[in-house]
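Enquirer: First the structure, then my questions, so here it is.
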Amino acid sequence: MAEFFYADRLFSALERGEPEAGSLLVAAPGMLSPAFARTVVLILDHSVDGTLGIVLNRRSETAVHNILPEWSDLLAKPQALYIGGPVAPQTGVAVGVTAPDVKIEDYPQLTRLANRLVQIDLNAHPRQMEGALESVRIFAGTAQWGQGQLDGELRRGDWFVAPALPGDVIAPGAADLWGDVMRRQSMPLPLFATFPADIDEN
């Protein structure tokens, strides 16, 4: 059980931030679920009915150009499709970073998540947002929690809530996003930044 891992108990002992759209869920060191070990999840929506998010650091081998070529010019490198989560894997989700000083309210195709972070309507054409977006990443599938489920996992110490930065969404392929997010938190979290996905590899 996850509650028996010392790192998970550490997470449950830390002061808890409240999850909201635009914040991150950082998986606890020792997360038992291989689907979420060392993951960073961007929350897209959070309410009493449940939570919707996308895993930011699971890249696939599929090139977005083969599926949605019209978005190629805006894609962050690597221009691969990312796996947003195990739910509805055929559903595409686009998240991007706006150009500086863009008024998001002027673009109905964009939904604000955090500072310069937006969710993008994939039914729109990129030309409708010309000049508004600096970079985009596209995800297949989502991570979802039912009513009260995430609150229970937070109390157990499975996740830590952290603010999102624009660079988290478009991190380079070689980046260790989980470790980078851990390093910028208050002590003692940076001490766990090199915790392996598989503890047997330590």
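Enquirer: Which of the residues spanning the stretch 44-62 are in a strand (DSSP E or B), open to solvent by 40 Å² or more (accessible area, probe 1.4 Å) and in contact with a strand residue (DSSP E or B) (Cβ under 6 Å, 6 or more places away or on another chain)?
Expert: ASP45, LEU52, ARG59, THR62
Enquirer: Sticking with this one: Being surrounded by 14 or more Cβ atoms within 10 Å (Cβ to Cβ), in contact with a helix residue (DSSP H, G or I) (Cβ under 6 Å, 6 or more places away or on another chain) and not charged (D, E, K, R) is true for just one of GLY179, GLY157. Which residue is that?
Expert: Being surrounded by 14 or more Cβ atoms within 10 Å (Cβ to Cβ), in contact with a helix residue (DSSP H, G or I) (Cβ under 6 Å, 6 or more places away or on another chain) and not charged (D, E, K, R) holds for just one of GLY179, GLY157, which is GLY157.
Enquirer: Now for a different question. Just checking, does the stretch 164-171 include any residue being out of contact with any Ser or Thr (no Cβ under 9 Å at 6 or more places or on another chain), acidic (Asp, Glu) and surrounded by 14 or more Cβ atoms within 10 Å (Cβ to Cβ)?
Expert: Within the stretch 164-171 (the criterion being out of contact with any Ser or Thr (no Cβ under 9 Å at 6 or more places or on another chain), acidic (Asp, Glu) and surrounded by 14 or more Cβ atoms within 10 Å (Cβ to Cβ)), the answer is yes, since at least one residue qualifies.
Enquirer: Of the residues that make up the stretch 129-139, is at least one part of a strand (DSSP E or B), open to solvent by 60 Å² or more (accessible area, probe 1.4 Å) and touching a helix residue (DSSP H, G or I) at 6+ places or on another chain (Cβ under 9 Å)?
Expert: yes
Enquirer: Here is a follow-up. Anything in the stretch 176-189 that is over 14 Å from the mean Cα position of the chain (by Cα) and assigned to a loop (DSSP other than H, G, I, E, B)? List them, or say none.
Expert: Answer for the stretch 176-189, where residues must be over 14 Å from the mean Cα position of the chain (by Cα) and assigned to a loop (DSSP other than H, G, I, E, B): ARG184, GLN185, SER186, MET187, PRO188.
Enquirer: Under 24 Å from PRO89 (Cα atoms), in contact (Cβ under 8 Å) with a residue 60 or more places away in the chain and of a type in the set (D, E, K, R): does that describe ARG156?
Expert: no
Enquirer: Conditions: (1) buried (at least 22 other Cβ atoms within 10 Å of the Cβ); (2) not in a loop (DSSP other than H, G, I, E, B). GLY85 meets all but one. Number of the miss?
Expert: (2)
Enquirer: Give the number of residues within the stretch 63-80 that are assigned to a strand (DSSP E or B) and either open to solvent by 30 Å² or more (accessible area, probe 1.4 Å) or at pLDDT below 95 (or both).
Expert: Number satisfying all stated conditions: 1.
Enquirer: Quick one: would you say GLN185 is in contact with a strand residue (DSSP E or B) (Cβ under 7 Å, 6 or more places away or on another chain) and open to solvent by 10 Å² or more (accessible area, probe 1.4 Å)?
Expert: So GLN185 passes the test.
Enquirer: While we're here: Within the stretch 89-100, can you find the residues that are of a type in the set (A, V, I, L, M, F, W, C) and surrounded by 14 or more Cβ atoms within 10 Å (Cβ to Cβ)?
Expert: Across the stretch 89-100, the qualifying residues are VAL93, ALA94, VAL95, VAL97.
The values are calculated or read from the model by the stated rules, or taken from the named source; none is laboratory data. Bear in mind that the values here come from a model prediction, so they are computed numbers and not experimental data. FYI the Cβ positions are ideal-geometry reconstructions off the backbone, even for glycines, and counts take in every protein chain you see. For the accessible areas, the whole protein counts, side chains as well, though only heavy atoms, and no ligand, DNA or RNA atoms are used. Shrake-Rupley method; radii C 1.70, N 1.55, O 1.52, S 1.80 Å.
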